[in-house]
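> This is the structure I want to talk about, given as structure tokens.
The values are calculated or read from the model by the stated rules, or taken from the named source; none is laboratory data. Keep in mind that this is a model prediction, so the values were computed, not measured. So basically every Cβ, Gly included, is an ideal-geometry build from the backbone, and we count neighbours across all protein chains shown.
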Amino acid sequence: MKIRRRMGETKQIVQVNGGNILLFELAFRLLTLPLLLQAVAALFRLSVRASGYSYVTVSNLVSYLLRPVTIAILVLMAAILLVGVSIEAAGLLAAYQAAALSRKMSAFSMFAAGIRLTVSEIRKRNLRLFLVLAVHGLVLHSFLIYRMLCHVKAVKFILPALLAENWGRLLLVGVIVGAVVISLPTIFICFGCMLEQRSFRGGFLRSRELLRGNRVQVVGTLVLCNLAVTAVTVVLYLIAVVIVAVFAVWFADRRLELILVLEARDRIEMVLMPLMSIALMSVNYGALTVLYVQLDRKRQNKERWKFEAGEHAGLPWMSRRNRMAALALLTALSAGAMYDAFYRGNVLAADQLREVQLTAHRGASTSAPENTMPAMEAAVDQMADFAELDVQETRDGVLVLFHDSTLDRIDGTRRTIRSLSWDELQQVDAGGWYSEQYSGTRIPKLEDVIEYVRGRMMLNIEIKYAGASSDLPEKVVDCIRENDFVEQCVVTSTSLSYLKRVKAADSDIYTGYILSAAYGSYYEDDAIDFISLISSSANRKLVERVHACGKEVHVWTVNKKSELERMKMIGVDNIITDRPILAREVILGEENAENLLARLRALLR
């Protein structure tokens, strides 16, 4: 009965400042998240380079984490996060204290109060409070953290193996239970320290005093609040996925339906996770405020406080108008996720958030003439993460896309790219040999391709060997830098000396060594960030050795479903393929999504 009453009181207190709390949370996250992500990304790159690795993989994760520079950077990142967590928690405390007295509070006032109370705790040297708030946050967001880690490549391989073992499951449950047991006695400590201005010890004793004899009520109320938020989020997620599936069936190419649903599904989850975090923080601090007030009055033998929402009591949160607005917002979210997955999702999906990345070989060369602009456009349409292309130089120094040593395959002549000027090359039909549809297609410049794929897809730029005296490596680097494309491409070559020259020109460019066979410890060279080899030479032991050196394994050219599944199983990082749609289905494919699409097609006929 008491728990049910506390749930009702929580709803009342949330109603008073609910709109401004939502505004505060959204503004705070939108203000801090971009800055935080940029800082974390910069610090992560710094730590990886300082540790001597090119990539963090499962094999080198422990070694990376134990390096002094990594520890120092992690401590700095943790300090920044702790201050942010404190400001957010303090702002919510101030908002709900005002709401308990039926007073409105603006989002700006919440932010100001959060900063003021955090500075006060720092001055009082209550630094342990920040650690306690962090533990509370970890417990509160444990499910969200798990889901986020499931999207991180380095961790994604560890979690299934851990949970497959009995000791692993027990360890995980033990950690969660231990965190809950440790954090429960301190559940009200922020009220004692921040609102009552007590010391850390005084706040801790105050929290234990309020908890005495009331643990079941406190735990029950908080568990039900969290279950309610989780249930609402899951329902919204399922509705959004169904909306995406309907969009896919109605508007998408039949070949792309499954990929769109799977890609958009992940993006919907990534959007809903921060929204769920906001709801968890808001509802839990509201419930804690209710519990704090009522338990304090109970201790003083006073009457139960009546949370009067006043003029805010009848806010039509679930009115027909608001339900329609929520559905419209959810539809927009689903459509946006689908659009993002189709047009821009590839660049946004960072390397560490992909289990395996896919590279369209010479563009989508089964759909359009290889190394042409139509091939790049088709690669974007087929949702490849990268397009692999070959770069050569014309007689007058223009960087163009072309694979072969002569033009024989496309126009029947033995002329080379280096023997022709750019103007002469524009007279060559690069598409007629493929099909009449592409007759008149021209060989494109590298800079034009870069401009087209920017924000859509990344590039794997292979520098064709043109002799030791050629300055082609330096020219490619100049083109990449002039077009501000360093972070969106990798450079590969069959020539190790070319890769060393690329690194000498710009050490920030990631380089890959192309091999036809895997012999020796060639991958240990500092000029190499990853190896790119024929798939038949790849096996699990090789992948593990390369990963242990902090480098990645790319394989080519994989077109059969069985070989795609083998590459996924042995843990390669990037698959170069002529069939990106098939490859994406193998990497992401799920029977549940296929069944959903099949049923929707039947319903929408």
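> In this structure, does K541 turn out to be part of a helix (DSSP H, G or I), touching a residue at least 60 places away in the same chain (Cβ under 8 Å), assigned by TED's automatic domain parsing to the domain that holds A387 and not acidic (D, E)?
The answer is no for K541.
> Looking at (1) among the aliphatic types (A, V, I, L, M); (2) in contact with a Phe, Trp or Tyr (Cβ under 8 Å, 6 or more places away or on another chain); (3) assigned to a loop (DSSP other than H, G, I, E, B); (4) closer than 25 Å to A364 by Cβ, which is the only condition L533 fails?
All conditions pass for L533, except number (3).
> Scanning for something crowded, with 16+ Cβ neighbours inside 10 Å and either within 30 Å of L74 (Cβ to Cβ) or at pLDDT below 75 (or both), does the range 5-24 turn up at least one residue?
So far as the range 5-24 goes, yes, one or more of its residues are crowded, with 16+ Cβ neighbours inside 10 Å and either within 30 Å of L74 (Cβ to Cβ) or at pLDDT below 75 (or both).
> Still on this structure, please answer the following. Six or more apart or on different chains, Cβ under 8 Å: which pairs go from a residue in the range 129-145 that's closer than 20 Å to V119 by Cα to one that's in a loop (DSSP other than H, G, I, E, B) and of a type in the set (F, W, Y)? Could you list them?
Short answer, once both residue conditions are applied: none.
> State which residue pairs qualify: first residue assigned by TED's automatic domain parsing to the domain that holds I21 and inside the range 263-275, second residue at pLDDT 75 or above and not in a helix (DSSP H, G or I) in any location, beta carbons under 8 Å apart, and separation of 6 or more residues or different chains.
Every condition considered, the pairs that remain are E263/M383.
> Now a separate question. Test of understanding: among D390, D385, which residue is touching a residue at least 60 places away in the same chain (Cβ under 8 Å), in contact with a His (Cβ under 7 Å, 6 or more places away or on another chain) and closer than 26 Å to Q488 by Cβ?
After applying the criteria, what remains is D390.
Quick grid of which residues meet (1) among the hydroxyl-bearing types (S, T, Y); (2) at pLDDT 95 or above; (3) part of a strand (DSSP E or B):
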{"position": "S367", "(1), (2), (3)": "yes, no, no"}
{"position": "A375", "(1), (2), (3)": "no, yes, no"}
{"position": "D390", "(1), (2), (3)": "no, yes, yes"}
{"position": "V400", "(1), (2), (3)": "no, yes, yes"}
{"position": "R409", "(1), (2), (3)": "no, no, no"}
{"position": "W433", "(1), (2), (3)": "no, no, no"}
{"position": "E462", "(1), (2), (3)": "no, yes, yes"}
{"position": "G467", "(1), (2), (3)": "no, no, no"}
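> Within the range 65-99, how many residues are farther than 24 Å from F130 by Cβ and crowded, with 20+ Cβ neighbours inside 10 Å?
1
> For the range 18-126, which helices (runs of 4 or more DSSP H) that fit wholly inside it have 3 or more residues that are in the same structural domain as V271 (by TED's automatic domain parsing) and over 27 Å from V553 (Cα atoms)?
Because the criterion is at least 3 residues that are in the same structural domain as V271 (by TED's automatic domain parsing) and over 27 Å from V553 (Cα atoms), the helices (runs of 4 or more DSSP H) in the range 18-126 that meet it are 68-100, 107-123.
> So in the range 483-502, with the set limited to residues that are at pLDDT 95 or above, under 31 Å from the mean Cα position of the chain (by Cα) and in a helix (DSSP H, G or I), which one is farthest from K464 (Cα to Cα)?
My answer is V502.
> With the condition kept exactly as written, say whether any residue in the range 243-261 is under 30 Å from G8 (Cα atoms), in a helix (DSSP H, G or I) and at pLDDT 75 or above.
no
> Can you spot a residue in the range 193-216 that is touching a residue at least 60 places away in the same chain (Cβ under 8 Å), under 15 Å from L288 (Cβ atoms) and under 31 Å from the mean Cα position of the chain (by Cα)?
No, that holds for no residue.
> Given G431, G412, which one is in contact (Cβ under 8 Å) with a residue 60 or more places away in the chain and more than 33 Å from the chain's Cα centre (by Cα)?
The conditions single out G431.
> Any residue in the range 60-87 that is farther than 10 Å from S47 by Cβ and among the small types (G, A, S) sitting within a Cβ distance under 9 Å of a residue that is modelled with pLDDT under 80 and surrounded by 15 or more Cβ atoms within 10 Å (Cβ to Cβ)? List the pairs, counting only those 6 or more apart or interchain.
Qualifying pairs under 9 Å: S63/S51; S63/Y53; G84/T32; G84/L36.
> From the list V486, V477, V449, which residue is farther than 18 Å from D404 by Cα, in contact (Cβ under 8 Å) with a residue 12 or more places away in the chain and surrounded by fewer than 17 Cβ atoms within 10 Å (Cβ to Cβ)?
Exactly one residue qualifies, and that residue is V486.
> Among the residues of the range 517-531, count how many are under 20 Å from L564 (Cβ atoms) and out of contact with any Leu (no Cβ under 7 Å at 6 or more places or on another chain).
Residues meeting the conditions: 1.
> Within the range 167-192, how many residues are free of Cβ contacts under 8 Å to residues at least 12 places away in the same chain and surrounded by 12 or more Cβ atoms within 10 Å (Cβ to Cβ)?
Result for the range 167-192: 5.
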